[in-house]
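Taken together, the values in this text are just the output of simple stated rules run on the coordinates, not laboratory data. The structure presented is a predicted model; accordingly, all values stated were derived computationally and were not measured.
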Amino acid sequence: MGRAVNVDVPVVICIDDKPAPGGQPSGGAYAKAAANGYRSVLTLRSKHDGVDIVRERLMVEQNKMRYFNIPATVKLPRYERVNEFLSRVRDKSNHPMLINCAFAERVAPLMMIFRITEQGWSEEKAIEEAARGGLKRDQLKIFVREYLAQQKKKQS
């Protein structure tokens, strides 16, 4: 799959590794994102991170951007979550897109699959990038291979 593909890539911002209510982006931050041309915000955070999802949605939508919430855990995501993530990221009307999360471990496997399926990255290159997010390479290899096999089975 080593082909180079020109696709819109979301901008990923991980708030920090110790989420707290104070780490939530402000309305001003979303206004700035909108002024810089962002069309949507996808958050992987949940109420367990101390985030008021309703308030966050309001702040984003008040700034005329789309809001998507795919609450993630630190563990590897379920395939349905990956599919939802890819669906949102593939939609060109959502770009430029800002993704915010509390932990790099949450977004790493999602971006790994995106890099392989949408950008044509090799499995090794995508795993290398994802592993920098703190997940173990062996874990990531198993996850990516099982996910891709499951997708291939669905297409047959």
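Ordered from longest to shortest, the equivalent ellipsoid semi-axes for the range 71-120 are 17, 13, 10 Å, each the square root of 5 times a Cα gyration tensor eigenvalue. If contacts are Cα pairs under 8 angstrom and at least 6 residues apart, what is the relative contact order of the range 45-129 in percent? Once normalised by length, the contact order is 26 percent.
Please work out whether the range 88-156 counts as rounded, prolate or oblate from its C-alpha gyration tensor, where a ≥ b ≥ c are the square roots of the eigenvalues and a/c under 1.5 means rounded, while otherwise a/b larger than b/c means prolate and anything else oblate? Verdict is oblate for the range 88-156. Per the Debye formula with a single identical scatterer at each Cα and no solvent contribution, what log10 I(q)/I(0) holds for the range 13-156 at q = 0.12, 0.15, 0.18, 0.22 Å⁻¹? The Debye formula, applied to the Cα set alone, gives -0.50, -0.77, -1.06, -1.39.
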